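Colleague: Let me begin by handing over the structure; questions about it come next.
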Amino acid sequence: MALLDHTGKPFPSWMLQGKPVGGANLTGSRSAITTMSMEWVDPAAVGEMLRSASQGNSQAWQEFCELIEQKDLHYLGVLSTRKRTVSQLPITVEDAGPSPDQKKQSEFVRDWIAKGVLQRSLFDMLDAIAKGFSVMALQWHLEAGNYWPDNLIWRPQRWFDISYQDGETIMLRDDVGSGVTPDMAGAVPEMGFSGILERSAVIHRHQSWSGLTIDQGLTRAIAFNSLFKLFSNRDWGVFVQAFGIPIRVGKFGRDSTDDDRATLWQAIVSSAGQLGIMIPESMMLEFVEPKNGAGSNDVHERRCKWLDEQTSKAVLGQTGTTDARQGTHAAAAVHRQVQDDIERADAMLVGHTVNQQIVRHMIDMSFGAPKDGNYPVVRIGRPDEAPLADVISAVQNLGPQGFKVRADDLYGRLNLQPPEEGDVVVGMIAQPQVPQPASDQPAQVKPPKQLPSRDPVPTVHDPQADDQAQQTLAETTLHTRIGKLVSLHVRDNGPLLIDMMTQSTARRANTALQNMRDQVREELEASSSLQDFERRLDVLDLDDDAFAQAMTEAVLVMELAGQAEVLEQVRNDG
């Protein structure tokens, strides 16, 4: 008795036998090995492979795509980063509806995802990023009412091709195939291929730009970029071999014999290999190294780095992930946003493929096609959540204002579990503090500092009026300062303030006295005799106003210091 599917038709033999389709063969066109080598790959060959691929013969091009990933380490790194980023994203399932049957179908899909079959296959499925499409052969678990893919097996793209007639139909290379006719008006059979049966494989198409599948694949964009970098790397090796190793120069004199020269040459060859030179002693040989030209020692490195940056832009949309530079922290957030956009787009495309080519077949074969046409939806990607730092800041700042959140939500964001009875816990609830009564803080007096000279800002005010106002302000300010000083005598820091004023007055007096000494010294140095010096002193008009002002303030400070000492003594006796 034949095993029937949900449509009442028998399951195909390949599904019942558990033999995935599209495997390798020994003598056909699906060989497991490839003979392509970089030794004969040049820009002309790559251009010819691209033209052939655009005309429906992409076997050589797909072999080159595999080879360039193995040879260009930077392309391999950024491409693997993009694929692994998406393949490790969380996978969720949304119910098709509120009915019990729909919830049962969703739970059925969740159980299959929990087996890890899809998670470990996403990396290979995303190989379509580089090559335009990927094919994963399906191996089904067959059980009445319980059909799900037991394994997804990656197939090399060189075993398939895309029809040149519509640019979309993917065909399996088959030497005994009857040919494939694309579903379009006027199409003709393409021999040497066979069609891919429904439910036999998952075909993921990944668009890097708008266009047909036959023209997709990031390797098309970076092929020549990687090729030129490999050439630069080879030239770099030649440069290092020629100029990175010390050169042995052997010199022979005029009286040397042929045997002497042969012995010298043998010594050079034995110690230096190809980096050896033998010249007459009277000859001069000079190696001129250009500073920034083709012979510069870093031109190859700079070219390789620049080409790598272009590859990073094509694959990751930015260079901040792989090419870190000092001072790029501000741009890192923007780069991360670009990478998030690519991540979401990749996850959306691969999620659509999973829903259309896996989930629908699972539900149809296990439960029958839904009457309303709604299926559970697989979502791949992170939920749109606020950054964790913003969440913690909001709880910390808004919590005292009455903002409340569920503790379970915070535990979930932090990937933590709430403690149970008997667990040793870390942390405590902040206790309310006792209100502090109002108090007077002692005044703070900053030490004096000298300001540089400056030009006043032009103004329309009367200079004389401004001078009078400044003088009144200075007197008022001095009166206020003295009053504050007297009021502070009885405070703990009163003696300290008096000491500070004493030192300040001493500095001003010393400055004024030094100015007068300098004037006398200048007259003394200019005098020719004692009589001349006496005559000069008689007519010398010393500026003693600053010194007199300093002495006046000193007397005032001394009086205040005496008052402070008396008050301090009274308080101590008291």
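The values are calculated or read from the model by the stated rules, or taken from the named source; none is laboratory data. Quantities reported herein were computed from a predicted structural model and do not represent experimental measurements. Every residue, glycine as well, gets a Cβ built from its backbone with ideal geometry; the counts of neighbours run over all protein chains shown. We work out accessible area using only protein heavy atoms, side chains counted, and drop any ligands, DNA or RNA first. Shrake-Rupley method; radii C 1.70, N 1.55, O 1.52, S 1.80 Å.
Colleague: Looking at ASP372 and the list (1) under 37 Å from the mean Cα position of the chain (by Cα); (2) closer than 30 Å to GLN102 by Cβ, which single condition is not satisfied?
Modeller: If we test ASP372 against (1) under 37 Å from the mean Cα position of the chain (by Cα); (2) closer than 30 Å to GLN102 by Cβ, just (1) comes out false.
Colleague: Looking for something touching a strand residue (DSSP E or B) at 6+ places or on another chain (Cβ under 6 Å) and open to solvent by 50 Å² or more (accessible area, probe 1.4 Å) - is there at least one such residue anywhere in the stretch 109-121?
Modeller: Among the residues of the stretch 109-121, at least one is touching a strand residue (DSSP E or B) at 6+ places or on another chain (Cβ under 6 Å) and open to solvent by 50 Å² or more (accessible area, probe 1.4 Å), which makes the answer yes.
Colleague: Still on this structure, I have one more. Does ARG158 qualify as being in contact (Cβ under 8 Å) with a residue 12 or more places away in the chain, more than 20 Å from ASN355 (Cβ to Cβ) and either outside the structural domain of ARG360 (by the TED database) or not aromatic (Phe, Trp, Tyr) (or both)? Let's see the steps before the verdict.
Modeller: Numbers: in contact (Cβ under 8 Å) with a residue 12 or more places away in the chain: yes; more than 20 Å from ASN355 (Cβ to Cβ): yes; either outside the structural domain of ARG360 (by the TED database) or not aromatic (Phe, Trp, Tyr) (or both): yes.
Here the answer is yes, as ARG158 does meet what is asked.
Colleague: If you don't mind, there's one more thing I want to ask. Out of (1) open to solvent by 50 Å² or more (accessible area, probe 1.4 Å); (2) in a helix (DSSP H, G or I); (3) at pLDDT below 90, the odd one out for LEU416 is which?
Modeller: (2)
Colleague: For the stretch 456-574, list the helices (runs of 4 or more DSSP H) that sit wholly inside it and hold at least 1 residues that are modelled with pLDDT under 65 and open to solvent by 100 Å² or more (accessible area, probe 1.4 Å); which are they? Don't jump to the end; show me each part of the working.
Modeller: Details: elements: 463-487, 494-526, 530-539, 545-573.
Per the criteria, 463-487, 494-526, 545-573.
Colleague: Here's something else I'd like to know. Can you confirm whether ASP111 is without any contact (Cβ under 8 Å) to a residue 60 or more places away in the chain, within 30 Å of TYR147 (Cβ to Cβ) and not in a strand (DSSP E or B)? Don't jump to the end; show me each part of the working.
Modeller: Values: without any contact (Cβ under 8 Å) to a residue 60 or more places away in the chain: yes; within 30 Å of TYR147 (Cβ to Cβ): yes; not in a strand (DSSP E or B): yes.
For ASP111, the condition - without any contact (Cβ under 8 Å) to a residue 60 or more places away in the chain, within 30 Å of TYR147 (Cβ to Cβ) and not in a strand (DSSP E or B) - is met.
Colleague: Tell me, which strands (runs of 3 or more DSSP E) lie completely within the stretch 130-169 with 2 or more residues that are open to solvent by less than 10 Å² (accessible area, probe 1.4 Å)?
Modeller: Working: elements: 133-141, 148-155, 160-162.
Correct list: 133-141, 160-162.
Colleague: Same structure, new question: I'm trying to understand the selection: among the residues of the stretch 170-182, which are buried (at least 17 other Cβ atoms within 10 Å of the Cβ) and in contact (Cβ under 8 Å) with a residue 60 or more places away in the chain?
Modeller: LEU172, ARG173, ASP174
Colleague: When you go through ARG325, ARG344 one by one, which is the residue that is out of contact with any strand residue (DSSP E or B) (no Cβ under 8 Å at 6 or more places or on another chain) and at pLDDT 80 or above? First the steps, then the outcome.
Modeller: Numbers: ARG325 fails: at pLDDT 80 or above.
Result of the check over ARG325, ARG344: ARG344.
Colleague: Do we find that ILE222 is touching a strand residue (DSSP E or B) at 6+ places or on another chain (Cβ under 6 Å) and either open to solvent by less than 80 Å² (accessible area, probe 1.4 Å) or part of a strand (DSSP E or B) (or both) in this structure? Can you show your working first?
Modeller: On the way: touching a strand residue (DSSP E or B) at 6+ places or on another chain (Cβ under 6 Å): no; either open to solvent by less than 80 Å² (accessible area, probe 1.4 Å) or part of a strand (DSSP E or B) (or both): yes.
It is false that ILE222 is touching a strand residue (DSSP E or B) at 6+ places or on another chain (Cβ under 6 Å) and either open to solvent by less than 80 Å² (accessible area, probe 1.4 Å) or part of a strand (DSSP E or B) (or both).
Colleague: Mind checking which residues of the stretch 390-408 are in a helix (DSSP H, G or I), modelled with pLDDT of 85 or more and either exposed (fewer than 11 other Cβ atoms within 10 Å of the Cβ) or small (Gly, Ala, Ser) (or both)?
Modeller: Across the stretch 390-408, the qualifying residues are ASP390, SER393, ALA394, ASN397, ALA407, ASP408.
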